[in-house]
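I have placed the structure first, in the form of structure tokens, so that the comments after it can refer back to it.
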Amino acid sequence: MPLVDLGAAIALGLRYFTIIYLTGLGGLFSERSGIVNIGLEGIMIVGTIMGAWGTVEYGPVPGLLIGAGAGLLFSLVHAIATVTFRVDHIVSGVVLNLVAIGLARFLSQLFFGQATQSDPGIPDLGTISIPGLDLLPLGLGTAFEGMSPIVPVAFLLTIPAIYVLNRTRFGLRLRSVGENPEAAQTLGVRVAPLRYAGVAISGALGGFAGAFLAIEINGLFREGQTQGLGFIALAALILGNWSPIRLLIGSLLFGIAQAVPLRLSDAPVISLLPEEFIRMIPYVVTIIAIAGFVGRVQPPAAAGRAYEGAAT
């Protein structure tokens, strides 16, 4: 296999890393506030349709922002259900995912005149090259040529995320309501607004990631294009033990695994497998990773637990 194919696989893996990492980072803020959000897949779906429409109408940058805004608004349904009405977090997340499928089909018919996809070839953001890395020999430099500008932004977002969670009043209070909301409220911390904020951040980042998928990878909206990436982002979050840096590493692993069936199916060993097995690789990697590490992780203590005082 030519090494240039490996470079292309890494390049695609970095794009999938961006989707998984941004979505997982949103889930991190939500779960750090105590709200489990398995509706990330549905939020991404809404981001794909709204991002594609926004790009067709206004261009790729507004399209990404529209996708983020749509994801934020859609996620508030989950926040209202879990925080205000104290609905079970898993039930609310499942409903969010199911509603998103029907909503995307309705909006696709409304925006594009067809229920399952937009016209192909919507505008993208253009590309950049990373100085120095694009000169790597043996074809590896191709991984850093023609890169979406959002990819390095996703890496750099780790720094403000760590700072906000560990050094700001907002971040420390967010974590406190995710660990012990009763104790936080006795100190004057308002639980409900912080939990709403955590879910809203997950919605904005998940919607942005969905728009990125439609704009920068597929070049169109197509029904089912998320293919479980929201759930893989949740797996990366668990594997990363709710830490931004560990989440980044897990997202890199899963992002490269996503690229294997698409770019390395002709590799010497992989090509010996049936095509159906090759397509299973990302999900098998996810299961193995979670099975190997799930016993060693520690989620926020109050994650998924309804808090009676959270509606005030």
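Quick one: is Gly178 modelled with pLDDT under 95 and either touching a helix residue (DSSP H, G or I) at 6+ places or on another chain (Cβ under 7 Å) or surrounded by fewer than 14 Cβ atoms within 10 Å (Cβ to Cβ) (or both)? When the stated conditions are applied, Gly178 does not pass them.
For Ile43, the criteria (1) over 25 Å from Leu247 (Cα atoms); (2) among the aliphatic types (A, V, I, L, M); (3) in contact with a Gly (Cβ under 7 Å, 6 or more places away or on another chain) hold in every case but one, which is (1). Kindly indicate whether any position in region 190-213 is charged (D, E, K, R), at pLDDT 95 or above and crowded, with 24+ Cβ neighbours inside 10 Å. Among the residues of region 190-213, at least one is charged (D, E, K, R), at pLDDT 95 or above and crowded, with 24+ Cβ neighbours inside 10 Å, which makes the answer yes. For region 239-252, a residue qualifies if it is part of a helix (DSSP H, G or I), crowded, with 20+ Cβ neighbours inside 10 Å and in contact (Cβ under 8 Å) with a residue 60 or more places away in the chain, and the qualifying residues are Pro244, Leu247, Leu248, Gly250, Ser251. Among the conditions (1) outside any loop (DSSP other than H, G, I, E, B); (2) surrounded by 15 or more Cβ atoms within 10 Å (Cβ to Cβ), the only one that Ile130 does not satisfy is (1). Once region 137-152 is narrowed to residues that are among the small types (Gly, Ala, Ser) and surrounded by 17 or more Cβ atoms within 10 Å (Cβ to Cβ), the residue that is farthest from the chain's Cα centre (by Cα) is Gly141. For Asp124, the conditions (1) acidic (Asp, Glu); (2) over 20 Å from Ala211 (Cβ atoms); (3) in contact with a helix residue (DSSP H, G or I) (Cβ under 8 Å, 6 or more places away or on another chain) are fulfilled apart from (2).
Elements of the type helices (runs of 4 or more DSSP H) sitting completely within region 153-212 and holding at least 1 residues that are over 22 Å from Ala302 (Cβ atoms) and either of a type in the set (Ser, Thr, Tyr) or over 14 Å from the mean Cα position of the chain (by Cα) (or both): these cover 158-167. Within region 227-261, track down each residue that is in contact with a Gly (Cβ under 7 Å, 6 or more places away or on another chain) and hydroxyl-bearing (Ser, Thr, Tyr). Ser251, the sole residue that qualifies.
The values are calculated or read from the model by the stated rules, or taken from the named source; none is laboratory data. None of the values given here were measured: they were computed from a predicted structure. Glycine also receives a Cβ, built like all others from the backbone with ideal geometry; neighbour counts cover every protein chain displayed.
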